Amino acid sequence: MKRSWKQRMAFAHHLRTSMFLPLSPQEVFNFFAHAENLERITPPELSFHVTTPTPVIMQEGTLIDYRLKLFRIPFGWQTVISRWNPPHLFVDEQLRGPYAAWVHTHRFQERSGGTIVSDEVCYQLPFSPLGEIAFPLVRLQLHRIFQFRQKAIEKILLS
């Protein structure tokens, strides 16, 4: 399941975001270690819901199932935690879902006075090459989702 950097670079598309939180890596990681928090940081119009019975025990090999709507189309999504290295990093990879491939790396790096939270998503759209027509719309939607996430994380963890 582990993919090398070279394999991930072969993915057609990449999204990278980062933010600073004035909290320790452990405090931030603990928030992300609860899969239920995904619902709290996802835009409401996606109707995102973790369907795996909670609490989800997060570790390498954990499978997590979700239901959501993308562009008003309901679907299921299943990911596996392919790397788990608290409080520094974890990786979730799509097993079933809307993308041909999806690998999301979460990094938590200690910096003076807090933590830099970085997300890197490497993905491929389905139905290639025809599916690439949707790339501008998908990219815009993903950027909007991750902007929402950052604001929600700040509001929840810093309030």
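So that you can scan it fast, the table gives a plain yes or no per residue for (1) farther than 20 Å from His143 by Cβ; (2) acidic (Asp, Glu):
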residue	(1), (2)
Gln26	yes, no
Glu36	yes, yes
Thr42	no, no
His49	yes, no
Pro53	yes, no
Lys69	no, no
Gln78	yes, no
Criterion: among the hydroxyl-bearing types (Ser, Thr, Tyr), in contact (Cβ under 8 Å) with a residue 12 or more places away in the chain and over 20 Å from Leu38 (Cα atoms) - qualifying residue of Ser128, Ser118, Ser112: Ser128
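For (1) in contact with a Lys or Arg (Cβ under 7 Å, 6 or more places away or on another chain); (2) at pLDDT 95 or above, each residue gets a yes or a no:
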residue	(1), (2)
Glu60	yes, yes
Phe75	no, no
Pro87	no, yes
Arg96	no, yes
Arg107	no, yes
Pro126	no, no
Residue among Tyr123, Tyr99, Tyr66 that alone is touching a residue at least 24 places away in the same chain (Cβ under 8 Å), in a loop (DSSP other than H, G, I, E, B) and not basic (Lys, Arg): Tyr99
Checking Arg144 against (1) touching a Pro at 6+ places or on another chain (Cβ under 8 Å); (2) part of a strand (DSSP E or B); (3) surrounded by fewer than 17 Cβ atoms within 10 Å (Cβ to Cβ), the condition it does not meet: (2)
Asp65 being surrounded by 15 or more Cβ atoms within 10 Å (Cβ to Cβ), over 30 Å from Pro22 (Cβ atoms) and either among the hydroxyl-bearing types (Ser, Thr, Tyr) or modelled with pLDDT of 95 or more (or both): yes
From Phe75, Phe31, Phe20, residue being in a strand (DSSP E or B), more than 21 Å from Pro126 (Cα to Cα) and among the aromatic types (Phe, Trp, Tyr): Phe20
Selected residue [of a type in the set (A, V, I, L, M), more than 20 Å from Ala12 (Cα to Cα) and under 15 Å from the mean Cα position of the chain (by Cα)] from Leu142, Leu95, Leu89: Leu89
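The values are calculated or read from the model by the stated rules, or taken from the named source; none is laboratory data. This structure is a prediction, so every number in the text was calculated from the model and none was measured. Because the Cβ atoms are built from the backbone with ideal geometry, glycine has one as well, and the counts that use them run over all protein chains shown.
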